[in-house]
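Asks: Before I ask anything, here is the structure I am working with.
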Amino acid sequence: MDDFIFYFKLGLNHVLDLQAYDHVLFLIVLVVGYTLKQWKELLWLVTAFTLGHTLTLALSTYKIISVNAAIVEFLIPATIVFTAILNLFSGGKSSGISKLIVFLSFCFGWIHGLGFSNYFKMLMSGSDSKFVQLIEFSLGIEVAQLVIVVLISAGYFLFHTILKVSKRDWVLVLSSIVIGVAIPMLVARYDDFIRQLL
């Protein structure tokens, strides 16, 4: 039970750690166009991301894949900016969920999972129950992501109810703020990314 609590908390902290806010930024732009009434769509998006994240963590932990950290560290803010730009073009219209968005969430989960893989591998070195610990960790991630989703949806509810902010404005403003935070991350990591490609 102690092991479960440790890895579950590790998953929670991985998402909720304010120093590693890139995960939260991605979640914001991923779900900002949805409300809690669309809980099925939200669950699909978040779970697809978690599955992608878990898949690459597993492949990396078992040394099936290995990707240069500098490339991954650049691609993480790139996924954030790309998703935020999609929001700007859609203007908050989310009448349903397309298979493409779920697939993108899954694929971007791969990239974010690779960003944490080196630390997770180091943590798992010498462990006999890597698979179980990976599942425990992933459960922590899923719960933390659902907490973020509820907070974002509650934020929209309050702004819409009290300040009469439209869904379109909510999506455009939040996505623009996230782009403003993520672009400097991209710029700061660009040189290392190019060096690894050359």
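The values are calculated or read from the model by the stated rules, or taken from the named source; none is laboratory data. All values derive from a computational prediction rather than experimental measurement. Heads up, the Cβs are rebuilt from the backbone with ideal geometry, glycines too, and the neighbour counts pull from every protein chain shown.
Asks: What pairs come out if I take residues in the stretch 137-150 that are closer than 16 Å to GLY33 by Cα and pair them with residues that are outside any helix (DSSP H, G or I) whose C-beta lies under 9 Å away, six or more apart or interchain?
Replies: VAL149/TYR34
Asks: Working only within the stretch 2-42, note down all residues that are charged (D, E, K, R), farther than 25 Å from LEU104 by Cβ and surrounded by fewer than 14 Cβ atoms within 10 Å (Cβ to Cβ).
Replies: ASP2, ASP3
Asks: Is it fair to say HIS14 is modelled with pLDDT under 85, over 21 Å from VAL187 (Cβ atoms), touching a helix residue (DSSP H, G or I) at 6+ places or on another chain (Cβ under 7 Å) and part of a helix (DSSP H, G or I)?
Replies: Judged against the criteria, HIS14 is a match.
Asks: Name the single residue, out of those in the stretch 154-186 being surrounded by 17 or more Cβ atoms within 10 Å (Cβ to Cβ) and in contact with a Gly (Cβ under 7 Å, 6 or more places away or on another chain), that is farthest from ALA20 (Cα to Cα).
Replies: LYS167
Asks: Also: Going through the stretch 177-198 one residue at a time, which ones are farther than 16 Å from LEU30 by Cα and touching a residue at least 24 places away in the same chain (Cβ under 8 Å)?
Replies: ILE183, MET185, LEU186, ARG189, TYR190, ASP192, PHE193, ARG195, GLN196, LEU197
Asks: When you scan the stretch 34-153 for helices (runs of 4 or more DSSP H) that lie fully inside it, which ones turn up with 2 or more residues that are at pLDDT below 90, within 17 Å of the chain's Cα centre (by Cα) and closer than 24 Å to ALA20 by Cβ?
Replies: 39-61, 99-124
Asks: Separate question: Of the residues SER66, SER90, which single one is more than 21 Å from PHE8 (Cα to Cα) and without any contact (Cβ under 8 Å) to a residue 24 or more places away in the chain?
Replies: None of the others qualify; the one that does is SER66.
Asks: Something else now. Please find, among LEU55, LEU45, the residue that is farther than 30 Å from ASP169 by Cα and surrounded by 15 or more Cβ atoms within 10 Å (Cβ to Cβ).
Replies: So the residue among LEU55, LEU45 that is farther than 30 Å from ASP169 by Cα and surrounded by 15 or more Cβ atoms within 10 Å (Cβ to Cβ) is LEU55.
Asks: Moving on to the next point. Please verify whether the stretch 179-194 includes one or more residues that are modelled with pLDDT under 90, assigned to a helix (DSSP H, G or I) and among the β-branched types (Val, Ile, Thr).
Replies: So far as the stretch 179-194 goes, yes, one or more of its residues are modelled with pLDDT under 90, assigned to a helix (DSSP H, G or I) and among the β-branched types (Val, Ile, Thr).
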